[in-house]
Ligand code: URA
């Protein structure tokens, strides 16, 4: 039995280094034990590393992206599963395309569960203010992730809360950000976390005021906000009484006289359109955009969906406008079109987390059909009004390349009213000289009714994204093992 001891539960580099040597030495999957840290080292208690460098090794890039997610799962068999996939990929080059294969199916399920856990952590961490004796504001949160996601999710919190000092305590380790440096500390217990602060009363009042009894769907609510997270959420104690009272309130709403539509925001603190110089940073732009009144779309949308991604991203992708899910979450490209985009990026060997992703229009435009909010294309005036924010984003990120996803984005960026087909694949440029590529919008692929056309068009889209990678190699995912 060979023993590959990993230094921590999500030790991808360690796994990769062992896996490469084992596979090159033709060590079969069943002959390896993968203990972590100082745990019991396996059947024979010997730490043995295979030698041998005889076999040439290669895997598709998509495998690396998959493995980096799967390794974060808490399932004890993940290392084994990944090595088995690596082993099989040497003979079965198209293995990852076989969704019904047991190993592939399992790995995809683990990766999905890791992504979901990361999403839940970004959505349900609630900071509480503490006095840490150092002056200024400090915040502490308690969260119980299901998987080993701390390092993977850390960048999100650093980016979101850069100017705060914060600590996230979890049973799997602690993330500490002092405003400059991120550290990973020891596992913590709930008892170390503070239980309430003054903000929570405000937050509960806010939550109760935005709770709409007429749109209550307890099942969907519990799926999106699983009950196990409730004990860490200050608003959770309100949920049961609000649900219990929902039917009465809805009846009351139906019976009461219609009111004229109410503006959700009081004043309009947005800077004057011409006063670009008043906004000096991306953060100021994102904050000002939250109260944008440049067109009327803000009235019905839940919130502004500003761009997201590293401020120094080499590539900016511009879509059309947020969809239903983006509008609710406040993040671009996280719904069905976002999933298509994510998958195509991975297939093209590109790292979405290193790209800045935004939209030509920052509010969701829709038509209400029954309970459904159906996407409606923004008009030229709305696109033009929103160009203000897009210009600021491009000005602060200063990408090496801009990619227009679809005709609306292309029109917003260039004023080009011609067909997307004519622009697609050509190396264009913005007026300031920044290179520009245009391709289709991912939702176009979702709308194609014919499976063959869908497959062919998806391949073309991936080829366009590969062109992005060849123009900006720093956006590429790390090379395969
Ligand atoms: N479509 C877009 O153009 N942008 C999004 O963020 C989601 C769907």
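Summed over segment 398-435, residues that are closer than 23 Å to residue 310 by Cα, away from the ligand (no atom under 15 Å from the Cβ) and part of a loop (DSSP other than H, G, I, E, B) total 7. Evaluated against (1) under 15 Å from residue 297 (Cα atoms); (2) surrounded by 17 or more Cβ atoms within 10 Å (Cβ to Cβ); (3) within 12 Å of the ligand (Cβ to nearest atom), residue 377 falls short on exactly one condition, (2).
Being surrounded by fewer than 20 Cβ atoms within 10 Å (Cβ to Cβ), touching a residue at least 60 places away in the same chain (Cβ under 8 Å), in a loop (DSSP other than H, G, I, E, B) and touching a strand residue (DSSP E or B) at 6+ places or on another chain (Cβ under 9 Å) is true for just one of 159, 144, 129. Which residue is that? Result of the check over 159, 144, 129: 144.
In a residue-by-residue description of segment 451-471, the property of being assigned by TED's automatic domain parsing to the domain that holds residue 356 and outside any helix (DSSP H, G or I) applies to no position.
Yes or no, residue by residue, for (1) in contact with a helix residue (DSSP H, G or I) (Cβ under 7 Å, 6 or more places away or on another chain); (2) outside any strand (DSSP E or B); (3) within 16 Å of the ligand (Cβ to nearest atom):
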site	(1), (2), (3)
280	no, yes, no
283	no, yes, no
286	no, yes, yes
291	no, yes, no
297	yes, yes, yes
302	yes, yes, yes
305	yes, yes, yes
311	yes, yes, no
317	no, no, yes
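Give the residues of segment 326-356 that are in contact with a helix residue (DSSP H, G or I) (Cβ under 8 Å, 6 or more places away or on another chain), within 12 Å of the ligand (Cβ to nearest atom) and not in a helix (DSSP H, G or I), sorted by residue number. 332, 333, 334, 335 - these are the residues of segment 326-356 that are in contact with a helix residue (DSSP H, G or I) (Cβ under 8 Å, 6 or more places away or on another chain), within 12 Å of the ligand (Cβ to nearest atom) and not in a helix (DSSP H, G or I). Just one of the listed residues (237, 224) is modelled with pLDDT under 75, away from the ligand (no atom under 13 Å from the Cβ), within 17 Å of the chain's Cα centre (by Cα) and not assigned by TED's automatic domain parsing to the domain that holds residue 401, namely 224. The single condition from (1) buried (at least 24 other Cβ atoms within 10 Å of the Cβ); (2) at positive phi that residue 370 fails is (1).
Listed here are the residues, each with its yes/no results for (1) buried (at least 23 other Cβ atoms within 10 Å of the Cβ); (2) on the phi < 0 side of the Ramachandran plot; (3) without any contact (Cβ under 8 Å) to a residue 60 or more places away in the chain.
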| residue | (1), (2), (3) |
| --- | --- |
| 286 | no, yes, yes |
| 291 | no, yes, yes |
| 295 | no, yes, no |
| 305 | yes, yes, yes |
| 314 | no, yes, no |
| 317 | yes, yes, no |
| 320 | yes, yes, no |
| 325 | no, yes, yes |
| 335 | no, yes, yes |
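The values are calculated or read from the model by the stated rules, or taken from the named source; none is laboratory data. It should be emphasised that the depicted structure is a prediction, and the values quoted were computed from it without experimental measurement. With ideal geometry, Cβ positions are generated from the backbone for all residues, glycine too; neighbour counts draw on all protein chains shown.
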